Every structure is written in structure tokens, then in C-alpha cells.
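The values are calculated or read from the model by the stated rules, or taken from the named source; none is laboratory data. These figures come from a predicted structure and were not determined experimentally. Virtual Cβ from ideal backbone geometry, glycine too; neighbours counted across all protein chains shown.
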């Protein structure tokens with residue numbers, strides 16, 4: 001979708017009727033806009049590598065040694081080293097905010113419901 005929109009914008013920039021009086025300043029401006037759009041389209045997919053999400057579920061297993069939680073959805077969520085496991089045990093309902101990084105679910109924040 002981004003590539004399609006980008007092509008339409010570029011065509012509109014370069015396909016505009018050229019006036020014989022068009023200055024070099026206008027041509028430079030078109031090139032600048034086209035370059036900025038191309039740069040933006042290159043970097044726009046970078047945000048898809050880390051996806052943030054949240055889930056409300058019940059804790060099935062707490063593994064302090066492996067720094068992970070397993071929820072009733074069957075998935076394991078890794079937590080940072082400084083994570084406080086106080087009050088967390090099997091059967092506790094939680095709201096977990098996590099980020100997907102390289103196929104792993106990394107906990108950003110956790111609230112007991």
C-alpha cells in the first residue's frame with residue numbers, strides 16, 4: 001500500500017506539465033520532495049519488527065530461574081532481570097503488556113487484575 005501511494009505521488013510530482021519558464025529552483029524542490037518520500041518509504045517498515053500487544057490471562061506457571069511466565073494461553077513470556085515476582089503465582093489473573101522481538105514475547109509491564 002505504501003509503495004502504491006509512493007508511486008502515485010512521484011508520478012504527480014514528475015508528470016506535472018513542465019512550463020518552459022520552470023525555474024531550476026522548482027526542479028530542485030521536486031527532487032528534494034522525491035528524495036524525502038523515497039527515504040520515508042524505506043524506513044517505514046522498520047516499525048513492524050517489534051510489535052507491542054497486551055493480553056489478560058491467568059498465570060499457569062512462574063519460573064524465577066528462567067525469568068519467564070507461562071499463561072493459560074500456553075505461551076511463555078520472558079521478563080527482564082530486575083523483574084519483581086512478588087505476588088505472582090499460578091492462578092493469579094494478570095494483564096501483561098509485551099513486545100514481540102525475534103519471536104519471543106518480552107514483558108514490558110504487568111498488572112495484577
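A few points about this structure:
- Elements of the type strands (runs of 3 or more DSSP E) sitting completely within the range 61-108 and holding at least 1 residues that are within 20 Å of the chain's Cα centre (by Cα): these cover 76-78, 93-101.
- Qualifying residue in the range 54-62 (condition: under 26 Å from residue 99 (Cβ atoms) and at pLDDT below 85): no
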